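In what follows, a structure is listed as structure tokens, so that the remarks can point back to it.
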Amino acid sequence: MPSANGTREITYVEAVREALTQSMQADERVFLIGEDIGVYGGAFGVSAGMHAQFGGERVIDTPISEAAIVGACVGAALTGMRPVGEIQFMDFITLGMEQLVLQAAKVRFMFGGKATVPMVLRTPGGSGTGAAAQHSESLETWFTHVPGLKVVMPSSPYDAKGLLMAAIQDENPVIFVEHKLLYKVSGPVPEEPYTIPLGEPNIVREGKHLTVVATSIMVQRAKQAAEELAKEGVEIEIVDPRTLNPFDDALMIQSVVKTGKALVVHEAVKTSGYGAELVSRIVESEAFDYLEAPVRRLAGLDIPIPYNRNLEYHAVPQVENIVAEARKLVRGDY
Amino acid sequence: MAKSKNAQTSQAAAKRKLSEKQLHDMLYTMMLIRRFEEKALDLYSLGKVHGTMHLSIGQEATAVGASGALTQQDYLLNTHRGHGHCLAWGSQADLMMAEFMGKETGYCRGRGGSMHIANVDANNLGANGIVAGGLPISVGVGLSIRARNTEQVVMVVFGDGASNEGAFHESINMASIWNLPVIFLCENNQYAMSMPVEKSMNIDRISDRAAAYGIEGVTVDGNDVEAVYEAVHNARQRAVAGKGPTLIECNTYRYMGHSKSDRQAYRTRDEVKTWMDKDPIERLAGNLGMSKDDKDSLFKKAEAEIEKAVEFAEASPEPDVADIMEGVYA
Ligand SMILES: Cc1ncc(C[n+]2csc(CCOP(=O)(O)OP(=O)(O)O)c2C)c(N)n1
Ligand SMILES: [Mg+2]
């Protein structure tokens, strides 16, 4: 049942679809392009029904040609359109890297600020579906390492809608990383269009003993861990950057000043992961003087995602790992 | 039927027609593939496997005809829809099934799964989760064969959709200019997921693309095991004679959805039915003049082999989590 202000529970996939639909209704320049996004409705059903609603000129099915999908977005964006490309699995962005990294991210700067590339590339990342090593990547840090790209990673239906609408209105190329396991997660989302500014983090939960900075699916797992820990009297504060680049770190730093302890959690492999950036930001800031323990990272193992269900489960942080790590930090075991 | 013992027998076989015994063996392998995949589907429905899988039911003649024309020294680079090619290459159903179920005894120790089954010892360099992912690798295998100066060839299998990736065009061009012993086997099953071939390219035949790179291109009926055999056999002869790569397009059809999550809104039941009427197994059994009883008993034999494979897989151990870090680096 919708509440007075039109907020109701919908899933993450519905929230993404609603953001796309409302953006297309509000702005004729917005169109979708990608593999199997038309009649099929997208590999994860994100654009289900949208081909019927908007037609093949605005929901464009492509051949399997990722480099050209990304490049088509760049060209259309340069000349007045607002393309939203879909890369069917985040893994396949590797085939579009040149157009994304060397074209989309660079043309504005190279042309002395005289060109803009207002495009969005949506793509589902992450493991947990048994899809093995070539369909389970978490590559977000590749893109945070490229000036000119913005990188967004929503962890809830509310954030997915608001951040995607903001990304589509943004004047820059934005990589919008969804998570396969989040698609079915429900949460409150207002019916009317709204935006969440890119770059603003969110304090998902307040607590005084430990700051947990988590991204994407790990925010959901941190919330579950928080419930476990609360039973033991441990109150964790959860900070979700939401946008990895640009990222206004002030709220995170304030939180660490308050708690004196920090744990960073992400699914991508640990070595050179986004956690390294977060930890650096913490230790470079005034929070350093307040630290009562080493800042710890909990991340994916440095391996490709295995097919076997049990191995796959153990390859990335789970709720029990967050609980155990948080417990140690709070007890001073490090 | 597994691959012929060596190049000589394979070449000799093409001069004469395939013997009845050979065709009979081929029919059995086609039945084995079908039963393997039907079983795979059952196991998935029972929740015994997770992830997804891509079934090649309806396309068995292409796999069996192609591998049948190659030798045990040759190389295979397979696709995501690769169970059929893997079995046709002579792989063991039990080790494949164990891989499919994520067991330690599987071909890839449960790390790869349906989309990545390889048997490196048998020159099967693996299925590939990336559309057109095998094509550039085939160029390297071709270079290696030339550098080692052997009589081998490499066959890379891919779909109609893969022929729209840049990797397809780059690889065929390289194989052409360097005259490499590569057989590009395109399984045109009329769709790339939901994208029909007619909408994804403005040419009637994918093999027409060969002309752009100056190589031989042929289109054959992919549901006719003998036609596929002949085309691959000829391509092999050309390759070992130093006459370079060939692009072979096999027209066929997948009966099942693209993967486990496909509602098939992009095609009609009638269309599927039309192709089922051209079933490659029925066709070969008919050509061999087999009675219904003969056919049934051959299918029974295939079923028994698959049942044993499942028993083996189910009895096999899971990988040990303690070994999770193994195998990343040599
Ligand atoms: C580079 C890349 N893009 C997209 C996909 C997702 N995908 C897997 S199979 C497939 C369709 C492939 O079509 P085709 O090459 O005709 O082979 P078929 O599935 O019909 O056997 C798609 C789009 C992928 N695995 N890799
Ligand atoms: Mg196809």
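The values are calculated or read from the model by the stated rules, or taken from the named source; none is laboratory data. All values reported here derive from a predicted model rather than from experimental measurement. Note that we place each Cβ from the backbone using ideal geometry, even for glycine, and neighbour counts take in every protein chain shown.
Output yes when any residue across segment A:125-143 is assigned by TED's automatic domain parsing to the domain that holds A:PHE176, in contact with a Cys (Cβ under 9 Å, 6 or more places away or on another chain) and aliphatic (A, V, I, L, M), and no when none is. No; the residues of segment A:125-143 include none that is assigned by TED's automatic domain parsing to the domain that holds A:PHE176, in contact with a Cys (Cβ under 9 Å, 6 or more places away or on another chain) and aliphatic (A, V, I, L, M).
Only one of the listed residues (B:GLY68, B:GLY110) is in contact with a Lys or Arg (Cβ under 8 Å, 6 or more places away or on another chain) and closer than 26 Å to B:VAL321 by Cα. That residue is B:GLY110. For segment B:288-330, a residue qualifies if it is outside any helix (DSSP H, G or I) and within 12 Å of chain A (Cβ to nearest Cβ), and the qualifying residues are B:SER316, B:PRO317, B:GLU318, B:PRO319, B:ASP320, B:ILE324, B:MET325, B:GLU326, B:GLY327, B:VAL328, B:TYR329.
Considering only residues that are more than 30 Å from A:TYR313 (Cβ to Cβ) and surrounded by 14 or more Cβ atoms within 10 Å (Cβ to Cβ), which ones fall in segment B:302-330? First the steps, then the outcome.
Narrowing segment B:302-330 to residues more than 30 Å from A:TYR313 (Cβ to Cβ): B:302-305.
Of everything in segment B:302-330, those that are more than 30 Å from A:TYR313 (Cβ to Cβ) and surrounded by 14 or more Cβ atoms within 10 Å (Cβ to Cβ) turn out to be B:ALA302, B:GLU303, B:GLU305.
Scanning segment B:105-119 turns up no residue that is of a type in the set (A, V, I, L, M, F, W, C) and either in a strand (DSSP E or B) or more than 14 Å from chain A (Cβ to nearest Cβ) (or both). If the condition is being within 14 Å of another protein chain (Cβ to nearest Cβ) and within 14 Å of ligand 1 (Cβ to nearest atom), then segment B:235-287 contributes B:GLY257, B:HIS258, B:SER259, B:LYS260, B:SER261, B:ASP262, B:GLN264, B:TYR266, B:ARG267.
Restricting the search to helices (runs of 4 or more DSSP H) fully inside segment A:228-334 and requiring at least 2 residues that are within 14 Å of another protein chain (Cβ to nearest Cβ) and modelled with pLDDT of 95 or more gives A:309-315, A:319-331.
For segment B:120-132, filtered to residues that are more than 8 Å from chain A (Cβ to nearest Cβ) and not β-branched (Val, Ile, Thr), the residue that is surrounded by the most Cβ atoms within 10 Å (Cβ to Cβ) is B:ALA127.
Rundown of residues vs (1) over 24 Å from B:GLU60 (Cα atoms); (2) within 16 Å of ligand 1 (Cβ to nearest atom); (3) out of contact with any strand residue (DSSP E or B) (no Cβ under 7 Å at 6 or more places or on another chain), yes/no style:
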position	(1), (2), (3)
B:ARG148	yes, no, yes
B:MET155	no, yes, no
B:GLY159	no, yes, no
B:ALA162	no, yes, yes
B:GLU170	yes, yes, yes
B:ALA175	yes, no, no
B:ASN223	no, yes, yes
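Restricting to segment B:146-168, and then to whatever is more than 16 Å from ligand 2 (Cβ to nearest atom) and touching a residue at least 40 places away in the same chain (Cβ under 8 Å), can you tell me which residue is surrounded by the fewest Cβ atoms within 10 Å (Cβ to Cβ)?
Looking only at segment B:146-168, we keep the residues that are more than 16 Å from ligand 2 (Cβ to nearest atom), and these are B:146-155, B:166.
Next, from what is left, pick out any that are touching a residue at least 40 places away in the same chain (Cβ under 8 Å): B:150-155.
Numbers: B:THR150: 13, B:GLU151: 15, B:GLN152: 23, B:VAL153: 29, B:VAL154: 28, B:MET155: 29.
Out of the qualifying residues, it is B:THR150.
The residues of segment B:239-261 that are out of contact with any His (no Cβ under 8 Å at 6 or more places or on another chain), more than 19 Å from B:ARG209 (Cβ to Cβ) and surrounded by fewer than 20 Cβ atoms within 10 Å (Cβ to Cβ), listed by number, are B:VAL240, B:ALA241, B:GLY242, B:TYR255, B:MET256, B:GLY257, B:LYS260, B:SER261.
Looking only at residues in segment B:196-206 that are without any contact (Cβ under 8 Å) to a residue 12 or more places away in the chain and more than 10 Å from every other protein chain (Cβ to nearest Cβ), the one that is nearest to ligand 2 (Cβ to nearest atom) is B:GLU198. Among the residues of segment A:75-89, how many are away from ligand 1 (no atom under 11 Å from the Cβ) and either outside any strand (DSSP E or B) or among the aromatic types (Phe, Trp, Tyr) (or both)? Qualifying residue count for the region: 7.
Please specify each residue of segment B:42-57 satisfying the condition of being assigned to a helix (DSSP H, G or I) and within 16 Å of ligand 1 (Cβ to nearest atom).
Answer for segment B:42-57, where residues must be assigned to a helix (DSSP H, G or I) and within 16 Å of ligand 1 (Cβ to nearest atom): there is none.
Among the residues of segment B:172-195, are any more than 19 Å from the chain's Cα centre (by Cα) and within 16 Å of ligand 2 (Cβ to nearest atom)? Yes, segment B:172-195 contains a residue that is more than 19 Å from the chain's Cα centre (by Cα) and within 16 Å of ligand 2 (Cβ to nearest atom).
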